[in-house]
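The values are calculated or read from the model by the stated rules, or taken from the named source; none is laboratory data. Since the model is a prediction, treat every value here as computed from it, not as a measurement. Here Cβ is always computed from backbone atoms with ideal geometry, including for glycine, and neighbour counts include all displayed protein chains.
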Amino acid sequence: MRVLHAVMTLDPGGVERWLLEVTRNLDPAAIRFDFAVATGEGGAYAEELSRLGSRIFFLRAGRDPLRLALALRRVLREAGPYDAVHAHLHHVGGLVLAVAERAGVPRRIAHSHLDTSHIDRRGGLLRRLYRKGTRKMIDRHATHRIAVSAIAARSLYGPGWEKDPRVRILPCGLDFERFRALPSNDAARRRLGLPLDAPILGTVGRLEEQKNHLFLLEVFALLRKRRPDARLVLVGHGSFEARLRRRAAELGLGETVLFTGARSDVPEILAAMDVFLFPSLFEGLGLAPIEAQAAGLPCLLSEAVPAQVRVFPERTRMLPLDPQLWADEALALLDMPRLSPEAAVARIEESPFAMRRHLRDLLSIYGVASPDPIPRRAA
């Protein structure tokens, strides 16, 4: 079976990371994922996906809908036929699925990973007309609709999504094998050059406005008034990095904030932390807190994060975005011991985020009816 995924990039991000992990766990002799990438050449995950058997088509269209439609039509004509087209471009997915229908693709899947309600509320008449038009396109051309959460479903499919039998909530699945054998806290800190006896707080996510790192720096500055030995680890890259570095300097945080850049060894970095912080302004789901829980960390999340990510609700706090509240709660969480990798992974493997369970649900949408049809590929 052949599935073409339409994505914006192949750089590190929640959608891209999930697709990479799913592809790692499929047998390409039975089902193959290819990728139509709206942007130009490159992407951190492109090389590995190619090694796993995927074909990658760079459409070089960006957000230009006409160029996107023409380039995608060419891919479907020259590289097809495909059994399914799976669109991960939120509103633009309607256009992707319209092109797929004209090309005769039988399964056309819209997938909502985002909550764009904050943008929609600020938008004017043009934004409302745009949303109305794209929802009509999805309604007309999608044979299946998926969302990672109820918030994401409402954002793309509208307030009546629950009455639509084509809509299904399908949280992203992750492979937690790497979390079974994490390095010790001391060993992980030595790798990063962090002090062994200091409280280490951190987060993982693109350095963009959505992830709210500026707020996190304010929280950390307050926390250090009571724990001056504390350190903050920011894992990820993005357009906000220079601004964040300037703000950290203005707050006098200096070398106490570690910018790691984008990393492929996130589980090992999580092993160095004591508390995980995730103050996002909006999220469709949020994979980073799920991984932090798999690493055994107590977590502090913003109320914008869907509550379903709390696999360990007794170890996960959700608060409004008040810096003092966050500083107080983060200090309290420092007294909560981390779970062992064995205990954390055993519990999270029973959650909806476990890859094996997720694969069965995802493949059923593609029409693969067997409950366990694909032999697991080693990562």
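May I ask you to say which residue of 227, 206, 191, 231 is in contact with a helix residue (DSSP H, G or I) (Cβ under 6 Å, 6 or more places away or on another chain) and among the basic types (Lys, Arg)? First the steps, then the outcome.
On the way: 227 fails: in contact with a helix residue (DSSP H, G or I) (Cβ under 6 Å, 6 or more places away or on another chain); 206 fails: in contact with a helix residue (DSSP H, G or I) (Cβ under 6 Å, 6 or more places away or on another chain); 191 fails: in contact with a helix residue (DSSP H, G or I) (Cβ under 6 Å, 6 or more places away or on another chain).
Just a single option satisfies the conditions, and that option is 231.
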(message) Test of understanding: among 293, 324, which residue is surrounded by 21 or more Cβ atoms within 10 Å (Cβ to Cβ) and under 28 Å from residue 224 (Cβ atoms)?
(response) 293
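Would you point out which residue out of 296, 284, 254, 261 is over 22 Å from residue 173 (Cα atoms), of a type outside the set (A, V, I, L, M) and under 20 Å from the mean Cα position of the chain (by Cα)?
Values: 296 fails: over 22 Å from residue 173 (Cα atoms); 284 fails: over 22 Å from residue 173 (Cα atoms); 254 fails: under 20 Å from the mean Cα position of the chain (by Cα).
Step by step, each of 296, 284, 254, 261 is checked, and only 261 is over 22 Å from residue 173 (Cα atoms), of a type outside the set (A, V, I, L, M) and under 20 Å from the mean Cα position of the chain (by Cα).
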(request) Looking only at segment 127-181, count how many residues are under 21 Å from the mean Cα position of the chain (by Cα), over 11 Å from residue 112 (Cα atoms) and of a type in the set (Phe, Trp, Tyr). (result) 2
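Would you mention how many residues in segment 79-96 are in a loop (DSSP other than H, G, I, E, B) and either at pLDDT below 95 or in contact with a strand residue (DSSP E or B) (Cβ under 7 Å, 6 or more places away or on another chain) (or both)?
Of the residues in segment 79-96, the ones in a loop (DSSP other than H, G, I, E, B) are 80-83, 88-89.
Those left that are additionally either at pLDDT below 95 or in contact with a strand residue (DSSP E or B) (Cβ under 7 Å, 6 or more places away or on another chain) (or both): 80, 82-83, 88-89.
Count: 5.
Every residue, every condition in (1) more than 23 Å from residue 149 (Cα to Cα); (2) of a type in the set (Val, Ile, Thr), yes or no:
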| residue | (1), (2) |
| --- | --- |
| 258 | yes, no |
| 283 | no, no |
| 307 | no, no |
| 312 | no, no |
| 316 | no, yes |
(message) For the structure I just gave you, tell me whether residue 10 is part of a loop (DSSP other than H, G, I, E, B) and buried (at least 17 other Cβ atoms within 10 Å of the Cβ).
(response) yes
(message) Show the residue pairs meeting these rules: Cβ distance below 7 Å; 6+ apart or different chains; first residue within segment 198-227 and part of a loop (DSSP other than H, G, I, E, B) and surrounded by fewer than 17 Cβ atoms within 10 Å (Cβ to Cβ); second residue of a type in the set (Lys, Arg) and at pLDDT 95 or above.
(response) 198/231
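Whether any residue in segment 63-78 is in a loop (DSSP other than H, G, I, E, B) and under 30 Å from residue 205 (Cα atoms) is what I want to check. Reasoning before the result, please.
First pass over segment 63-78, keeping only residues in a loop (DSSP other than H, G, I, E, B): 63-64.
Right, trim to under 30 Å from residue 205 (Cα atoms) and you get 63-64.
Among the residues of segment 63-78, at least one is in a loop (DSSP other than H, G, I, E, B) and under 30 Å from residue 205 (Cα atoms), which makes the answer yes.
Among the residues of segment 22-37, is any closer than 26 Å to residue 177 by Cα, aromatic (Phe, Trp, Tyr) and either in a loop (DSSP other than H, G, I, E, B) or at pLDDT 95 or above (or both)?
Checked segment 22-37: at least one residue is closer than 26 Å to residue 177 by Cα, aromatic (Phe, Trp, Tyr) and either in a loop (DSSP other than H, G, I, E, B) or at pLDDT 95 or above (or both).
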(message) Return the residues of segment 347-378 that are at pLDDT 90 or above and of a type in the set (Val, Ile, Thr); say none if nothing qualifies.
(response) 348, 365
